[in-house]
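I have placed the structure first, in the form of structure tokens, so that the comments after it can refer back to it.
The values are calculated or read from the model by the stated rules, or taken from the named source; none is laboratory data. Here the structure is a predicted model, which means the values were calculated and not measured. With ideal geometry, Cβ positions are generated from the backbone for all residues, glycine too; neighbour counts draw on all protein chains shown. When the accessible area is computed, the model is the full protein with side chains, heavy atoms only, and any ligands, DNA or RNA have been set aside. Shrake-Rupley method; radii C 1.70, N 1.55, O 1.52, S 1.80 Å.
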Amino acid sequence: QTLAGTGTYANVQVNNPGGVRLGNNSTITDTLFLTNGTFSIYTGVTCTIGSTGTSKGNIITTGGTMNSSTGTTSNLQILGNASAPQITNLKLTLNGSLTVDRANGIRLGAAGSIAKAMTLTNSVVDLGGNNLYVGKTTTADLNIICTGCLITNSIPTAGTFSLLGNASAPVVSGLRMD
């Protein structure tokens with residue numbers, strides 16, 4: 001099933017074992033519910049969840065996953081100023097880039113990977129005891145740009161944060177780990 005329209009949606013629920021593909025740039029202003037199946041972002045498409053200055057923009061995962069197509073130009077933007085992390089148990093595999101700009105950040109629910117770039121602004125990424133891989137061992141496309149960000153692990157006995165790539169000088173700036 002393909003969500004082919006361009007525009008803004010209040011809520012989107014993925015409850016399809018065959019998954020749902022986002023075919024055009026779109027914004028989900030309130031909540032993406034990942035219940036069953038995979039929510040995929042097509043190559044060259046940006047999916048924005050939430051907006052700056054609002055407490056909305058949640059991803060509720062109870063059984064689904066999120067990924068992007070094999071191209072490296074798919075992007076996921078997670079925005080908002082929710083007082084509690086409303087993006088929990090996220091199962092994320094992106095061949096493109098991830099941008100997070102929300103004070104209480106996101107918490108992973110499974111191992112995740114981001115192939116291209118990760119931009120964090122005033123955000124926390126909680127590994128939740130899971131592994132997060134940024135970059136690919138076969139490319140030089142590793143960029144992590146942090147402004148007031150933190151990588152943490154609420155389950156310190158498990159989970160690792162790994163930077164991959166074959167660049168002679170990957171760009172990693174402002175990264176703070178706790």
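Any residue at all in segment 114-121 that is open to solvent by 20 Å² or more (accessible area, probe 1.4 Å), assigned to a loop (DSSP other than H, G, I, E, B) and of a type in the set (S, T, N, Q)?
No.
Where in segment 1-58 are there strands (runs of 3 or more DSSP E), lying wholly inside it, with at least 1 residues that are open to solvent by 50 Å² or more (accessible area, probe 1.4 Å)?
Details: elements: 7-15, 20-22, 26-36, 38-41, 46-49.
Filter on segment 1-58 gives 7-15, 20-22, 26-36.
Could you tell me whether residue 155 is modelled with pLDDT of 80 or more, more than 12 Å from the chain's Cα centre (by Cα) and part of a strand (DSSP E or B)?
Against the criterion (modelled with pLDDT of 80 or more, more than 12 Å from the chain's Cα centre (by Cα) and part of a strand (DSSP E or B)), residue 155 does not qualify.
Of the conditions (1) under 12 Å from the mean Cα position of the chain (by Cα); (2) modelled with pLDDT of 80 or more; (3) closer than 17 Å to residue 152 by Cβ; (4) not aliphatic (A, V, I, L, M), residue 67 fails just one. Which one is it?
Against the list (1) under 12 Å from the mean Cα position of the chain (by Cα); (2) modelled with pLDDT of 80 or more; (3) closer than 17 Å to residue 152 by Cβ; (4) not aliphatic (A, V, I, L, M), residue 67 comes up short only on (3).
Has segment 92-111 got at least one residue that is in a strand (DSSP E or B), modelled with pLDDT of 75 or more, of a type in the set (D, E, K, R) and open to solvent by 60 Å² or more (accessible area, probe 1.4 Å)?
yes
Do we have any residue at all in segment 134-148 that's under 21 Å from residue 65 (Cβ atoms), touching a strand residue (DSSP E or B) at 6+ places or on another chain (Cβ under 7 Å) and at pLDDT below 80?
Here is the first cut: in segment 134-148, the residues under 21 Å from residue 65 (Cβ atoms) are 134-136.
Adding the requirement that they be touching a strand residue (DSSP E or B) at 6+ places or on another chain (Cβ under 7 Å) leaves 134-135.
After this cut, where a residue has to be at pLDDT below 80 as well, the list is 135.
Yes, segment 134-148 contains a residue that is under 21 Å from residue 65 (Cβ atoms), touching a strand residue (DSSP E or B) at 6+ places or on another chain (Cβ under 7 Å) and at pLDDT below 80.
Across segment 59-79, what is the number of residues that are out of contact with any Phe, Trp or Tyr (no Cβ under 7 Å at 6 or more places or on another chain), β-branched (Val, Ile, Thr) and assigned to a strand (DSSP E or B)? Explain how you work it out, then say what you get.
To start, the set of residues in segment 59-79 that are out of contact with any Phe, Trp or Tyr (no Cβ under 7 Å at 6 or more places or on another chain) comprises 59, 61-63, 65, 67-68, 70-73, 75-79.
Remaining after also requiring β-branched (Val, Ile, Thr): 59, 61-62, 65, 70, 72-73, 78.
Keeping just the survivors that are assigned to a strand (DSSP E or B) gives 59, 61, 65, 78.
Selection size over segment 59-79: 4.
Is segment 48-57 home to any residue that is farther than 24 Å from residue 147 by Cβ and at pLDDT 85 or above? Walk me through it before giving the result.
Here is the first cut: in segment 48-57, the ones farther than 24 Å from residue 147 by Cβ are none.
No, that holds for no residue.
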